[in-house]
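Below is one structure, written out as structure tokens; the observations come after it.
The values are calculated or read from the model by the stated rules, or taken from the named source; none is laboratory data. Owing to the predicted nature of the structure, the values given are computational and were not obtained by experimental measurement. Neighbour counts run over all protein chains shown; Cβ positions are idealised from the backbone, glycine included.
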Amino acid sequence: MRLFLRVLRWAFIVILVVFAGLLTAAHWIESRDSDAELAEKFRDAPVQPVIHRYTVGDRTIRYMATEEPGRDSLPVVLFVHGAPSSLSFFTNFFKDTTLLNRARLVAVDRPGYGYSDFGRVETSIIKQARLLQPLIERYKKAAYFMIVGSSYGGSVSARLAMNNPNIIDHVVFVSSALGPGLERTYPISHVVDQPPLRWLVPPLLRLANDEKLAHRKALTEILPDWPKIKASVTFLHGQRDDLVFPTNVSFGRSHLINAQSKEFLLPENRHDIVFNKREYMTEIIVNILNSYVQSVKPQPIPVKSYITATRYR
């Protein structure tokens, strides 16, 4: 019995030490790059994105964009990240020449993340969309406007499409949480939301947890406005996603009564598509952009029709 208690005590101590170590390490992980770090990452890249900031009231939003001269006529692709994350989540897309040759790329730090008032959470999807609206205004004259939303970023992207039905042309939902309650909330999320544990949780994880616990309510608030979406929609989701359930795809399709949609369900993937299927994501985005180009490309006059027309002059 004494041996058992001794082993149990040491096991508890080890678990406590490991937990404390992980918690301490997590405080140093912010999942974001400073302006200088981004500049270094893109030092040898084909295109160096430009970092911008704007203010809405007392909030500051940071974003980066490719702004090479003479490319204003290209479509715009706006990337919106999930949680916990930042615009750094999409840096590899900004180095991909297949995308760079076809579109102006934009990525934003959502409110509270990255360098958009880091640590200051905003749990309302409606309010987050308002804070990102200046980006829509900035690029609204683009010939084609696409939003790519990942996970929680898909929720915000949906709201942006609702608010801008005559500007947003296409939305790509990647592993996106769209339906109220169609995601996993672990019991630990409720536990660490209470003091004193809440004070110990690193800011980045606390941000994500606050959004998670308020997500059902936030999604319910935008539920009546799904018919406002007129943009075409593409769903990309892992069938083994046990964090944001694949049923979000069927939810989204059933609520898009004024928009066309298609879906790509990946049987082997979980909530990891941006990391493990980046090339596949890029292929889907490029195909959408190519379809747009083909739709606006002037069509040659059919030879047969031309001959028929001149014959009877």
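For residues that are over 25 Å from Leu205 (Cβ atoms) and in contact (Cβ under 8 Å) with a residue 40 or more places away in the chain, scanning just the range 30-52, find the one that is surrounded by the most Cβ atoms within 10 Å (Cβ to Cβ).
For the range 30-52, the residue satisfying everything is Pro49.
Condition first: closer than 16 Å to Arg53 by Cβ and not in a loop (DSSP other than H, G, I, E, B). Now tell me which residues in the range 96-119 satisfy that.
Val106, Ala107, Val108 - these are the residues of the range 96-119 that are closer than 16 Å to Arg53 by Cβ and not in a loop (DSSP other than H, G, I, E, B).
Failed condition for Ala26, given (1) modelled with pLDDT of 95 or more; (2) surrounded by 14 or more Cβ atoms within 10 Å (Cβ to Cβ), with all others met?
(1)
I'd like to verify a number: residues in the range 262-298 that are touching a residue at least 40 places away in the same chain (Cβ under 8 Å) and exposed (fewer than 11 other Cβ atoms within 10 Å of the Cβ), how many?
Summing the residues that are touching a residue at least 40 places away in the same chain (Cβ under 8 Å) and exposed (fewer than 11 other Cβ atoms within 10 Å of the Cβ) in the range 262-298 gives 1.
Which one is surrounded by the fewest Cβ atoms within 10 Å (Cβ to Cβ) among residues in the range 223-255 that are in contact with a Pro (Cβ under 6 Å, 6 or more places away or on another chain) and under 21 Å from Thr282 (Cβ atoms)?
Ranking the qualifying residues of the range 223-255, first place goes to Gln239.
It is to be established whether one or more residues within the range 235-242 are assigned to a loop (DSSP other than H, G, I, E, B), among the hydrophobic types (A, V, I, L, M, F, W, C) and touching a residue at least 24 places away in the same chain (Cβ under 8 Å).
Looking through the range 235-242, none of the residues is assigned to a loop (DSSP other than H, G, I, E, B), among the hydrophobic types (A, V, I, L, M, F, W, C) and touching a residue at least 24 places away in the same chain (Cβ under 8 Å).
Looking at the range 87-105 only, could you name the residues that are more than 18 Å from Ala36 (Cα to Cα), touching a residue at least 12 places away in the same chain (Cβ under 8 Å) and not hydroxyl-bearing (Ser, Thr, Tyr)?
Correct list: Phe93, Asp96, Leu99, Leu100, Arg102, Ala103, Arg104, Leu105.
Take the range 120-155 and flag every residue that is aliphatic (A, V, I, L, M) and either touching a helix residue (DSSP H, G or I) at 6+ places or on another chain (Cβ under 8 Å) or outside any loop (DSSP other than H, G, I, E, B) (or both). Walk me through how you get there before you give the answer.
Kept after step one, since they are aliphatic (A, V, I, L, M), are these residues of the range 120-155: 121, 125-126, 129, 131-132, 135-136, 142-143, 146-148.
Val121, Ile125, Ile126, Ala129, Leu131, Leu132, Leu135, Ile136, Ala143, Met146, Ile147, Val148, listed by residue number.
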